[in-house]
Structure formats: structure tokens, C-alpha cells
Amino acid sequence: MWRGCQPAPPRTWRQAGDEVRRLAAGLLSLGLEAEQRVGIASGTNYEWILADLAIMCAGGATTTVYPSTGGPDTAYILGDSESRYVFAEDATQLQKLRDHRDELPQLEKVVVFDAAAADGDWVMSLEQLSALGRDYLAEHPTAIDDLAASIPSDQLSTLIYTSGTTGKPKGVRTLHKAWVFEGEAIKAQDILHEDDLEFRWLPLAHAFGKVLLSAQMACGFACAIDGRVDKIVDNLAIVKPTFMGAAPRIFEKAYAKIITMQQAEAA
């Protein structure tokens, strides 16, 4: 499924699917119910995608938070969305939640990607959530497949908060059928196939990043993931993708850097 940039090991579709099932089952064991919000405060990485797919397969609704969002705005988004659980990338994202915990009475548990930041109480690691899911699946082996198959197309899938409005950010409600449509519409164009390889760096907290994920689900291509903008050119040389999604300005910057590097080598 994903061929991660070094040093992360590659994953097959089956391996990723098994990881998603365990995490989804872990969310069910915590008590997640249909359309309840689960935040993700993280940069673009493989764990973000696992968390998002797990939330959707468990019937929840992903609430996206940019990693650069400050503590007060992070608390506002999670509070306004009434998120019960949050996936946090690391200690930096976790500290924002700790600083504003009193403002988030509905936030029951934080799942941190960096296991070293777990505290055994309010904060658990991704591995611990997966272990809960493994136990849940031992008793209910078809729970996730059955639940995912029963989700109606018009059920809430994602809340993406935008600052492109007056006042506080507004949560844009996106349904499951919207992401399915995006993926199938791209597939129908017959421009991406299973033998393609994408390099993905775009913020997954943005709709464009989610569209690329939908396209991958529909078309079946592999992708390498690294959200570090300053590493785009270096990673392109390593990954050698067949395509990359980005705004025009990013391609202009990448081109300029490549030309500069070539001129330096020729000098």
C-alpha cells in the first residue's frame, strides 16, 4: 500500500488494513459511537492515515487540526467539534491539549503517535490502542468489517475547520459519499493506476490531502509519505514518484531549488 520514505519500512495493503482494523476496534472498545468526533493533531505521516481510516471504519468522524495551530485554536476546534478522543503526533501537540485540558471536558482520551509521550492514564500510545483492538477483535472478529459495511453514504465522515470565513473557524461537514465520489471521479479519468507511485507531503488536515487519499483508495497506487516541506526535493530524488499533488507555487520552488543545485554542481 505505502512505500514509506527511509527509514520507515514498507507496508502492503493487507498490513495497513490489519493495522486500521485493530485501531478501529480499539476506538470501539473505548466507546466511540456513530458520528462522534475524533481529532487528529499531527503533520502528514503514515500514522495520520491509519488514524483517519480507523476513525471512519469505526463510524466516527475525523476532526482535522493543523500541527501549526496554536493551543487556544486547537482547544477551540476540539471543543467546538465535541471531540471525545484525539490522536496527537508528539509531545508538542500533546502539550497544547494539556495546557487547555480544563476547556475540554468532553475529551476522554488522547492517543499519541510517539509512544514515549504516553502517561498510562489520560494519554495512551498508538500501540496500546492497537492492543485494545486486538483483544476486542478476538471476541468480535468481524466487528469492523460488519460496521464499515453498514455505514450509510450520507453519514458524517470528516470535519475540516477553515479560517476562510469571518470570526472563529467553521467546521465543514463532509460525508462518506463525498470522499467516495472524489476517488471514483479521479479513477474514471484513467490517469492513475496501480503501477503509479505518489509522493505525498500535502497537509492531510486540508481537503486536498484527503482527496489524494481517496484517489489512492480508488486507484490502488502506492505512495511514500513525508510531510516535511523542506525535504520535498531530497525525497523526490529518493522516491522517484510518477506524480505528486501540490499547489503551483510548490512546483516553482522545487524547480528553482533543483536548478540551483545543478548550477552548484556544474561550478
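The values are calculated or read from the model by the stated rules, or taken from the named source; none is laboratory data. For clarity, every value in this text was computed on a predicted model and none was experimentally measured. Cβ placement follows ideal geometry from the backbone for every residue including glycine, while neighbour counts extend to all protein chains displayed.
State whether the residues of segment 170-180 include one that is closer than 18 Å to Thr69 by Cβ, over 19 Å from the mean Cα position of the chain (by Cα) and either modelled with pLDDT under 95 or aliphatic (A, V, I, L, M) (or both). Before the answer, list the steps.
Of the residues in segment 170-180, the ones closer than 18 Å to Thr69 by Cβ are 170-172.
Of the ones still in play, those that are also over 19 Å from the mean Cα position of the chain (by Cα) are 170.
Going one step further and asking which of them are either modelled with pLDDT under 95 or aliphatic (A, V, I, L, M) (or both), we end up with 170.
For segment 170-180, residues closer than 18 Å to Thr69 by Cβ, over 19 Å from the mean Cα position of the chain (by Cα) and either modelled with pLDDT under 95 or aliphatic (A, V, I, L, M) (or both): present.
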When segment 186-205 is checked residue by residue, the ones that are more than 24 Å from Asp230 (Cα to Cα) and either in a helix (DSSP H, G or I) or within 16 Å of the chain's Cα centre (by Cα) (or both) are Ile186, Lys187, Ala188
Being closer than 28 Å to Asn235 by Cα and modelled with pLDDT of 95 or more narrows Ser42, Ser83 down to just Ser42
Subset of segment 223-245, residues aliphatic (A, V, I, L, M) and surrounded by 19 or more Cβ atoms within 10 Å (Cβ to Cβ), comes to Ala224, Ile225, Ile232, Val239, Met244
All-but-one check, Tyr161 against (1) more than 16 Å from the chain's Cα centre (by Cα); (2) farther than 25 Å from Asp18 by Cβ; (3) not in a helix (DSSP H, G or I), failing number (1)
Segment 1-100: helices (runs of 4 or more DSSP H) wholly inside it with 2 or more residues that are under 22 Å from Glu194 (Cα atoms) are 13-30, 46-57
